[in-house]
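The values are calculated or read from the model by the stated rules, or taken from the named source; none is laboratory data. Bear in mind that the values here come from a model prediction, so they are computed numbers and not experimental data. Virtual Cβ from ideal backbone geometry, glycine too; neighbours counted across all protein chains shown.
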Amino acid sequence: MQARLLLEDGTLFTGTSFGADVDKTGEVVFNTGITGYQEVLSDPSYCGQIVTMTYPLIGNYGISRDDFESVAPSIHGFIVRSYEPVPSNWRAQYSVGDLLKEYGIPGISGIDTRMLTRIIRQHGTMKGILTTGSKSVEELKEMINQTSMEELRNQVARTSTSSIYSNPGAKERIVLVDFGAKSGILRELNKRDCDVVVVPHNTTAEEIRRLHPDGIQLSNGPGDPKDVPYAVEMISELLGEYPIFGICLGHQLFALACGADTEKLKFGHRGGNHPVKELESGRCYITSQNHGYTVTESSVAGTKLEVTHINNNDKTIEGLKHTEYPAFSVQYHPEAAPGPYDNSYLFDRFLEMIREHKRQNPQMPRQAELVAASKGVVL
């Protein structure tokens, strides 16, 4: 079956369908990962986006139930150069095409993904429509025009859990605020025997206090951090009361809560090969990333934030820490492993921060009550 991709600038690509027989609009982006396409497909941060894989061969190792980062994919479309419908891997349970059809996601193969990537790099991410139907180009353009960027945003509520649930452990209690969390974050906390309580994206500071956490984990998620101002308010209230660790969208929300600003990147960072420099040690880490927004460098001046990491490619901010409170964040994904487990040490750093905070405040629940009372909150 034929499939077509039309960009909002009028560029048309024609290829072969290997997903669901539907029309979907979305923000067209690209990912530079050589492997990990299943993790890309199931990453909630891609909600509302049509993802182009720059690596040409996709599907050769199939789909395994153990590699999902969420219960169901949230992307709006999948673009590849060459699709392999018959996987060769003892772990494979079905093909990428089967997965796309199951969840109503269109896929297109056989197009020049190099050309598409160059267009995005030159002009920036843009809206597009992926279709297997027979509509005319004019009709498809009208569908794109009728889809506002607002419809492709505000995706956090769609990907977050709707209710609180617990993943018990014997050590530190971590409240994981789910803005569209990848399963890898929960796995890393489980490895460290944390008592994890996962809460929805719109959980208030007072509701989190009632859970009596030792620390708060802010997850990744899709879209513009300014679309979730209630989360910024929650973080602002809890700063200083509990240690906080933010990842990706959580990093951006942490920055906004501390008075910094964010801005949209031209084409974002998406892939498993982004070099990040830790300023304190001078060491370079290869990181997995998936985001279209960044913390504005000039906005950090005048806040109580210190830049800890920068991107070696474009020098954008990749890490922050608070100069007074036990709180830090990174733009990349320490729970992902594009090669060695380079960045999982950040979870250990977070737990050590929690333990140090408890050593300094042996009556931590009482300490939280005092801080909360100073803000006019009764626990």
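Summary table
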| item | result |
| --- | --- |
| In segment 172-183, the residues that are without any contact (Cβ under 8 Å) to a residue 60 or more places away in the chain and either surrounded by fewer than 16 Cβ atoms within 10 Å (Cβ to Cβ) or assigned to a loop (DSSP other than H, G, I, E, B) (or both) | 178 |
| Filter pass, residue 290 being over 14 Å from residue 248 (Cα atoms) and either surrounded by 17 or more Cβ atoms within 10 Å (Cβ to Cβ) or assigned by TED's automatic domain parsing to the domain that holds residue 268 (or both) | no |
| Failed condition for residue 89, given (1) within 30 Å of residue 185 (Cα to Cα); (2) within 23 Å of the chain's Cα centre (by Cα) | (2) |
| Matching residues in segment 8-50 - criterion: being in contact with a Phe, Trp or Tyr (Cβ under 6 Å, 6 or more places away or on another chain) and surrounded by 18 or more Cβ atoms within 10 Å (Cβ to Cβ) | 18, 42 |
| Residue within segment 51-59 that is assigned to a helix (DSSP H, G or I) and surrounded by fewer than 16 Cβ atoms within 10 Å (Cβ to Cβ) present | no |
| Residue tally, condition within 15 Å of residue 349 (Cα to Cα) and free of Cβ contacts under 8 Å to residues at least 40 places away in the same chain, over segment 200-228 | 0 |
| When residues of segment 273-327 are limited to those that are touching a Ser or Thr at 6+ places or on another chain (Cβ under 9 Å) and aliphatic (A, V, I, L, M), the one nearest to residue 50 (Cα to Cα) | 295 |
| Test: residue in segment 184-199 that is farther than 21 Å from residue 329 by Cα and touching a residue at least 24 places away in the same chain (Cβ under 8 Å) | yes |
| Residue count, segment 209-266 (criterion: surrounded by 19 or more Cβ atoms within 10 Å (Cβ to Cβ), aromatic (Phe, Trp, Tyr) and within 19 Å of the chain's Cα centre (by Cα)) | 2 |
| Filter result for the condition that a residue is in contact with a Ser or Thr (Cβ under 9 Å, 6 or more places away or on another chain) and not in a helix (DSSP H, G or I), over 169, 223 | 223 |
| Total residues in segment 60-107, condition of a type in the set (Asp, Glu), more than 26 Å from residue 14 (Cβ to Cβ) and in a loop (DSSP other than H, G, I, E, B) | 1 |
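To keep it simple, each residue is scored yes or no on (1) touching an Asp or Glu at 6+ places or on another chain (Cβ under 8 Å); (2) over 20 Å from residue 268 (Cβ atoms); (3) assigned by TED's automatic domain parsing to the domain that holds residue 34.
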site: 309; (1), (2), (3): yes, no, no
site: 318; (1), (2), (3): no, no, no
site: 326; (1), (2), (3): yes, yes, no
site: 330; (1), (2), (3): yes, no, no
site: 342; (1), (2), (3): no, yes, no
site: 351; (1), (2), (3): yes, yes, no
site: 359; (1), (2), (3): no, yes, no
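The rows are residues; the columns are (1) among the charged types (D, E, K, R); (2) out of contact with any Phe, Trp or Tyr (no Cβ under 9 Å at 6 or more places or on another chain); (3) surrounded by 12 or more Cβ atoms within 10 Å (Cβ to Cβ).
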| residue | (1), (2), (3) |
| --- | --- |
| 102 | yes, no, yes |
| 105 | no, no, yes |
| 108 | no, no, yes |
| 116 | no, no, yes |
| 121 | yes, no, yes |
| 135 | yes, yes, yes |
| 147 | no, yes, yes |
| 156 | no, no, yes |
| 160 | no, no, yes |
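To keep it simple, each residue is scored yes or no on (1) under 12 Å from residue 96 (Cβ atoms); (2) over 15 Å from the mean Cα position of the chain (by Cα); (3) touching a residue at least 60 places away in the same chain (Cβ under 8 Å).
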residue: 29; (1), (2), (3): no, no, yes
residue: 52; (1), (2), (3): no, yes, yes
residue: 64; (1), (2), (3): yes, yes, no
residue: 70; (1), (2), (3): no, no, yes
